[in-house]
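Report on one structure; see the data block that follows.
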Amino acid sequence: MSGKKLQGTFLIQPRSVHVWGGAWHALAFSLSGSGAAFYSYVASLDSGGPGSVLEPLAIGLVFLGALIIFALELTYRGVFLKYFFVNLARSWISRGVTALLFFGILSVIAFLIGSFSPERESLTRILSLIAVLAALLVIIYPGLVLSSTPVPYWRTSLLPVEFLVSSAAGGLAILLLVQVLGGMSAPAIPVPATLASLLAIGLLLHGIHLGQIAESTRRETIELLLRGKLRIWFIGGYMIIGVLIPVVLSVVGPSLDGAARTGVLLLAGILALLGIFSQRYGLLSAGIKPALI
């Protein structure tokens, strides 16, 4: 009888896990993603115009995000070369870092050629186009890494799309700030309205994402985001500060005049960027592995 009692079932409760954890990785992915999207917008402007002046800003944001990533990951010196340089066939981390290197090299060369050899406009545009393609991978590779893990909250094909939409919104938010501050003429697209649309689409995608979480960790993940320690980031930082308020300001702002218009649109851009950081922080911090029996 006592022998049968010893033959029990061992249960490991659901537990938090971090592929990347903490505010620094959230900041790095916000900077690199929004900066890469901003570069894509700037690269579409006429060469020699305001866009060429803004290219160093866009490149610098991506470089800053990459610098944070490299500084954090260099603490794991034993696996640095394996994950970042010789594992391209199997690792989205390796592919993402390779895309960062390609983007950095090509964008800088394109900027230098455009600045010092303006007659080579065709070459500049070709290099910029390839850099934009590399920037696309820079934007989505964190989502591809997370979606390949066994964590139910992250394991969805929607995640790379969410990173793409939120980064596109971040790039537009930077574009809006620069435009309002007088750094460039108005582009062809209505920036405030497009920003509001992307923020709303991103929130819709995230809602669908939450509804698709596997039953094994759905309750714990929703509890953590809506009522647990991450509610201030998800509800306050992302949904309210990062989406609801910027959408309202982006819709109302263009109808105002003078200083009121400038202030409202500046606030919309800043809050949208804060919301993108909050979304990434909540996403990275809410990964939960299911129970093991």
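The values are calculated or read from the model by the stated rules, or taken from the named source; none is laboratory data. The shown structure was predicted, so the numbers you read here are calculated from the model rather than taken from an experiment. Glycine gets a Cβ as well: all are built from the backbone with ideal geometry, and neighbour counts include every protein chain shown. With ligands, DNA and RNA removed, areas are computed over all heavy atoms of the protein, side chains included. Shrake-Rupley method; radii C 1.70, N 1.55, O 1.52, S 1.80 Å.
A compact table of results
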read-out	value
Accessible-area ranking of 167, 148, 40, largest first, probe 1.4 Å	148, 40, 167
Around residue 226: net Lys/Arg minus Asp/Glu count, Cβ-Cβ under 13 Å	+3
For residue 147, net neighbour charge (Lys/Arg +1, Asp/Glu -1) across residues whose Cβ lies under 12 Å away	0
Under Karplus coefficients 6.51, -1.76 and 1.60, residue-wise ³J(HN,Hα) of the stretch 148-165 in Hz, glycine/proline x	9, 8, x, 7, x, 5, 9, 7, 8, 6, 6, 4, x, 5, 4, 4, 5, 5
Net charge over other residues, Cβ less than 13 angstrom from the Cβ of residue 202 (K, R count +1; D, E count -1)	0
With DNA, RNA and ligands ignored, accessible area of residue 109 (1.4 Å probe; Å², nearest 10)	70 Å²
